[in-house]
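One structure is given below, encoded as structure tokens.
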Amino acid sequence: MNLQGAYLGMAAQAVTLLGEPEVAASWEKPSALAEMTVGGLAGHLMYQIFSVSPVPQAPASAEAPIPLLEHYAHAVWVDEPLDGELNTGIRARGEQIASEGVQPLLEQARAALAELQAELPAMPGDAAVFIPWGGWALTLNDFLVTKMMELAVHMDDLAVSVRITTPEIPGAAFEPVLTLLTHLAVRRHGQAALLRALSRVERAPSAINAL
């Protein structure tokens with residue numbers, strides 16, 4: 001499976017999760033994320049589909065793509081506090097996306113996913129995709145990995161918020177997400193902390209909590 005197929009499979013899982021009755025029943029309640037309702041979290045999750053929707057019709061970026069890890073090195077939000085301007089804006093956007101309720105959001109998400117299922121597979125993985133909120137470009141493959149990571153993390157957040165089982169992500173989709181998160185964890189916490197968290201729990205309770 002290529003990354004287009006892996007992304008589309010995860011996006012379909014996210015839309016299915018949005019349609020679970022437990023999500024609708026908890027829409028206005030606090031989510032597992034601080035200062036975010038379940039509806040706002042669902043809106044942020046669906047943004048990982050809506051933000052990909054323009055890509056197949058967008059002109060090729062004039063900017064040369066940068067490496068995936070450089071994208072995160074440049075991203076200000078990675079190390080920003082919870083009450084920082086960017087994180088506040090992310091939460092507000094999620095709430096705005098969800099403002100009409102679960103059913104309209106579900107319909108919008110299904111329509112966006114159907115369009116992507118028809119258009120995204122034809123795009124080459126090395127196509128340059130401009131990232132307007134960053135001011136640089138990524139390859140399509142790398143851009144989809146960023147979205148797959150967001151889908152994986154926030155599907156878990158949403159499932160935990162409404163007390164249902166987190167969707168099991170197929171290996172072809174989970175592997176690039178795991179690789180990305182591993183690199184980001186090493187950058188933030190160092191090699192030793194990650195090795196201990198994965199293999200020596202008794203020596204690294206603080207490292208596990210950090211990761």
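Taken over the stretch 6-31, the criterion of being farther than 19 Å from GLU107 by Cα and under 16 Å from the mean Cα position of the chain (by Cα) is satisfied by ALA6, TYR7. Residue under question is GLU28, and the condition is that it be in a loop (DSSP other than H, G, I, E, B), acidic (Asp, Glu) and either open to solvent by less than 70 Å² (accessible area, probe 1.4 Å) or in contact (Cβ under 8 Å) with a residue 40 or more places away in the chain (or both); does it hold? Considered against the rule, which asks whether it is in a loop (DSSP other than H, G, I, E, B), acidic (Asp, Glu) and either open to solvent by less than 70 Å² (accessible area, probe 1.4 Å) or in contact (Cβ under 8 Å) with a residue 40 or more places away in the chain (or both), GLU28 comes out as no. Of all residues in the stretch 140-166, those that are open to solvent by 30 Å² or more (accessible area, probe 1.4 Å) and either modelled with pLDDT under 95 or of a type in the set (Val, Ile, Thr) (or both) total 5. Out of GLU95, GLU175, GLU115, GLU107, one residue alone is open to solvent by 30 Å² or more (accessible area, probe 1.4 Å), in contact with a Gly (Cβ under 7 Å, 6 or more places away or on another chain) and outside any loop (DSSP other than H, G, I, E, B). It is GLU95. Residues that are open to solvent by 100 Å² or more (accessible area, probe 1.4 Å), at pLDDT below 80 and under 28 Å from HIS74 (Cβ atoms) within the stretch 185-211 comprise just one, ASN209.
Selection of first residues in the stretch 131-145 that are free of Cβ contacts under 8 Å to residues at least 12 places away in the same chain and of second residues that are of a type in the set (Lys, Arg) and assigned to a helix (DSSP H, G or I), restricted to Cβ pairs under 6 Å at least 6 apart or on distinct chains, gives an empty result. Among the numbered conditions (1) out of contact with any strand residue (DSSP E or B) (no Cβ under 8 Å at 6 or more places or on another chain); (2) aromatic (Phe, Trp, Tyr); (3) open to solvent by 50 Å² or more (accessible area, probe 1.4 Å); (4) not in a loop (DSSP other than H, G, I, E, B), the only one that TRP133 does not meet is (4). Summed over the stretch 156-171, the residues that are without any contact (Cβ under 8 Å) to a residue 60 or more places away in the chain and either assigned to a loop (DSSP other than H, G, I, E, B) or on the phi > 0 side of the Ramachandran plot (or both) give a count of 3.
The values are calculated or read from the model by the stated rules, or taken from the named source; none is laboratory data. These numbers were taken from a predicted model, which means no experiment stands behind them. Don't worry about glycine lacking a Cβ; one is built from the backbone with ideal geometry, like all the others, and counts go over all protein chains shown. With ligands, DNA and RNA removed, areas are computed over all heavy atoms of the protein, side chains included. Shrake-Rupley method; radii C 1.70, N 1.55, O 1.52, S 1.80 Å.
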